[in-house]
Amino acid sequence: AVMNGGFWNKKKLPLDWCIFHKKEITALTNTQRPAIFFNGPDVKIDWVPTTVDQKHAISSDTEILQAGPMLLYHGKPWTDYSDYKIHAVEFDSDITLHRHPRSFFGYDQNDYFLIVINGRSRYSAGLFLEECANLAQQLGLIDAINLDGGASSTLILHNQLINEPRFCWFRKNRFCSARIPGTERTIPNAILVHPRN
């Protein structure tokens, strides 16, 4: 299974802190945002410590994907989206407003969850962030983090596209959307789950 990862900038590089195979792809600039810490079979969603030693983080075996906002933390909905509102210019739009296609990652006591929600169509409006948090809680997740959404929201299972990614634009003060024809949006990072050997 593969799903899209975190946000990215105009240069198609991860917007937030990203470490992969002991290489820092994007430097840490914002400690207000949570991250997924992958350390072998152990995965944890948490905030980046403000006292983090970046050199040590790069040299460790932990891979890091920073995104957000946090949706659930220790089983409780997290509703402080202030950092994302303040820095809305970093995204296509204020991600805290409106319903959109969404992607989020989380876990319960036993399993990891890769969840993608369609949107921008007459069949699916998408979700608000608060609705994603409620869904994660209903599924019994302990921790859950929002990932890049919109046209980036993509879930592939056994080489098959499962959802329907859609672009959007404004034309003559009207909101329009359309499927991405025949392909997925190119993104700089993703979460890949493969079976154990």
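The values are calculated or read from the model by the stated rules, or taken from the named source; none is laboratory data. Just so it is clear, the structure is predicted and the values come from calculations on it, not from any experiment. Backbone-built Cβ (ideal geometry, glycine too); neighbour counts: all protein chains shown. Keep in mind that these areas ignore ligands, DNA and RNA; they rest on the heavy atoms of the full protein, side chains included. Shrake-Rupley method; radii C 1.70, N 1.55, O 1.52, S 1.80 Å.
A few points about this structure:
- Near Asn30, the amide H atoms lying under 5 Å from its own belong to Trp17; only residues 5 or more places off or on other chains count, and H is placed 1.01 Å from N.
- Alpha carbon centroid spacing (whole Å) that separates the stretch 60-102 from the stretch 37-59: 18
- Of the trypsin sites (Lys or Arg not before Pro) in the stretch 1-49, the ones in a loop by DSSP (not H, G, I, E or B) with at most 11 other beta carbons within 10 Å are Lys10, Lys11, Lys12.
- Tensor-based shape of the stretch 28-67 (alpha-carbon gyration tensor, a/c under 1.5 rounded, otherwise prolate or oblate): oblate
- Rolling a 1.4 Å probe over the protein heavy atoms of the chain, with every protein chain left in place, gives an accessible area that is 53 percent carbon and sulfur.
- Between helix 129-138 and the chain: long-axis angle, C-alpha atoms, 0 to 90°, nearest 10: 70
- A 1.4 Å probe run over the stretch 1-157, with the rest of the protein chains in place, finds 50 Å² accessible per residue.
- Per-residue surface analysis assigns Thr186 an accessible area of about 100 Å², computed on protein heavy atoms at 1.4 Å probe radius.
- Extension gain, Gln138 back to Asp61 (0.36 nm per residue minus Cα-Cα distance, nm): 24.4 nm
- From the coordinates shown, Rg/Rh (Cα atoms, Kirkwood Rh) corresponds to which of (1) 0.95; (2) 0.98; (3) 1.05: (1)
- Relative contact order (percent, whole number), the stretch 1-155, Cα cutoff 8 Å, 6+ residue spacing: 26
- Selected from Asp148, Asp83, Asp92 as most flexible by GNM, with the chain as the system and alpha-carbon contacts under 10 Å: Asp92
- Relative contact order (percent, whole number), the stretch 72-169, Cα cutoff 8 Å, 6+ residue spacing: 32
- Most fluctuating residue given options Asp94, Asp46, Asp111, as computed from a GNM of the chain linking Cα atoms under 10 Å: Asp111
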